[in-house]
Amino acid sequence: MYARRAERLAPTLPPSAVTGTIGFDSGHAFPGVLPDLTREADVALTRYRAETLQYAPRAGLPDLREWIASYTTGVSVENILVTNGAKHALELVCRVLLDEYDPIIVTAPTYFSAIPIVRSFGATFIDVPQDASGLDVSALAAILGRLPRPPKFIYNVPDYHNPTGVTMPIERRQALIALAERYQIMLVEDSPYREVRFEGTPVPSLKSLGGDRVILLGTFAKLMAPGLRVGWAAAPAPFIARMAQLKTDAGSCPLTQRVILEFLAAGRLPQHIERVQATYRANRDHMMAALARELPEATYDRPHGGYYIWLTLPDGVSGDAVAACAAQQGVSIIAGSKFYANPGPTHHVRLAFSHASHEEIDDGVRRVAEAVRAVRQ
Ligand SMILES: Cc1ncc(COP(=O)(O)O)c(C=O)c1O
């Protein structure tokens, strides 16, 4: 009955979070940091009613495309497509680029929600290892030299990587772009956490360094609020035109686009980003302190931004078993194995510090530590 792309998928959805569970699993925003958009929604529904309750232009509201173009180095409005979030943008990129059995490059580990999106197009994943500076470009060069045909694209999260939290320094970015140029491969830069920065200076984006070689995926999910479901792609104009034609939703919701524009026009974004950074920095510090106290036998790289800590568990401890045990203790975390497109190491778990309160972080980390000890016995 099912098409091949559906047959490959799991027959059930993972259970939604149980009430009372401490959520270290998904990249949900901290509730206290969600902006009050009452005024913006009011203006959008009154002054802009004819626009916001009508079908929108397929590529997005022109004003929003303009804003995104000015926010992104080296692009103009015809390079921007507004989408229903960054994942939707990735799906459209796949629609434009992928045929069945096409190879694509991902880091091992990679963003776990990207895996089923790409897999549904029947593509095959080629893993490239990562280190503390992100995707290992020398290892990628060796892999590309061996492949019978070049991959369709390289998918990468260069800023505060999901799940590992690492950021690519500029030299590594330049080397990656040079390699992509040499083999004429598109680079897909997925960078939702770029502004969720706790320390250090921002590194130039792959897009600003690589121009038309790079398709940048952006989102208001981490800039403002995930529930808005507004993101974008920045790419060469002929690519954007094709993505727009394959976008079957008659344009993303104009009401939310206008709410965002009103927020931006009121000049609220810079202050909001400061709050976001302060909130998640404090959450990160709180989780690191709890881990040092409760689980010193696990190791991790200190994330300089983003939402996640990627824990390496003591030898022989399975992340899947720890996640299952933690769930029974009322804490949801994601087993590291879920972040590998091909079977990979199993001794990791990802902890999101974005959503929980400080009390929940203390309590949750204690229960995760108990789960690790229970699994170890
Ligand atoms: C790497 C990465 N890309 C994309 C997204 C989601 O973007 P959106 O909510 O705009 O679809 C996330 C959210 O967790 C992410 O971590």
Going by the structure shown, is residue 350 over 28 Å from residue 134 (Cα atoms), charged (D, E, K, R) and touching a helix residue (DSSP H, G or I) at 6+ places or on another chain (Cβ under 7 Å)?
no
Which one is surrounded by the most Cβ atoms within 10 Å (Cβ to Cβ), of the residues in region 269-303 that are within 19 Å of the chain's Cα centre (by Cα) and among the basic types (Lys, Arg)?
284
Considering only residues that are closer than 17 Å to residue 208 by Cα, touching a residue at least 60 places away in the same chain (Cβ under 8 Å) and surrounded by fewer than 21 Cβ atoms within 10 Å (Cβ to Cβ), which ones fall in region 74-90?
74, 78
Going through region 22-42 in order, the residues found to be part of a loop (DSSP other than H, G, I, E, B) and either out of contact with any helix residue (DSSP H, G or I) (no Cβ under 8 Å at 6 or more places or on another chain) or hydrophobic (A, V, I, L, M, F, W, C) (or both) are 24, 25, 26, 29, 30, 34, 36, 37
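Per-residue answers, yes or no, for (1) polar (S, T, N, Q); (2) touching a Lys or Arg at 6+ places or on another chain (Cβ under 7 Å):
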position: 167; (1), (2): yes, no
position: 228; (1), (2): no, no
position: 234; (1), (2): no, yes
position: 247; (1), (2): no, yes
Near pairs, Cβ below 6 angstrom, 6+ apart or cross-chain, from region 175-193 (within 16 Å of the ligand (Cβ to nearest atom)) to any residue that is part of a loop (DSSP other than H, G, I, E, B) and of a type in the set (Val, Ile, Thr):
190/157
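Test residue 309 against the stated conditions and say whether it is at pLDDT 95 or above, under 20 Å from residue 157 (Cβ atoms) and not acidic (Asp, Glu). Working first, answer last.
Working: at pLDDT 95 or above: yes; under 20 Å from residue 157 (Cβ atoms): yes; not acidic (Asp, Glu): yes.
So residue 309 passes the test.
Any residue that is within 16 Å of the ligand (Cβ to nearest atom), touching a strand residue (DSSP E or B) at 6+ places or on another chain (Cβ under 8 Å) and closer than 24 Å to residue 78 by Cβ - is there at least one of those in region 252-259? Talk me through it step by step, then tell me what you get.
Of the residues in region 252-259, the ones within 16 Å of the ligand (Cβ to nearest atom) are 252-253, 256-257, 259.
Right, trim to touching a strand residue (DSSP E or B) at 6+ places or on another chain (Cβ under 8 Å) and you get 252, 257.
Applying the additional criterion that residues be closer than 24 Å to residue 78 by Cβ yields 252, 257.
Within region 252-259, one or more residues are within 16 Å of the ligand (Cβ to nearest atom), touching a strand residue (DSSP E or B) at 6+ places or on another chain (Cβ under 8 Å) and closer than 24 Å to residue 78 by Cβ.
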Just for region 1-21: of the residues that are assigned to a loop (DSSP other than H, G, I, E, B), touching a residue at least 24 places away in the same chain (Cβ under 8 Å) and of a type outside the set (Val, Ile, Thr), which one is farthest from residue 272 (Cα to Cα)?
8
For region 239-251, which positions are touching a helix residue (DSSP H, G or I) at 6+ places or on another chain (Cβ under 8 Å) and closer than 30 Å to residue 46 by Cβ?
247
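The values are calculated or read from the model by the stated rules, or taken from the named source; none is laboratory data. Please read these numbers as outputs of a predicted model, since none were measured by experiment. Here Cβ is always computed from backbone atoms with ideal geometry, including for glycine, and neighbour counts include all displayed protein chains.
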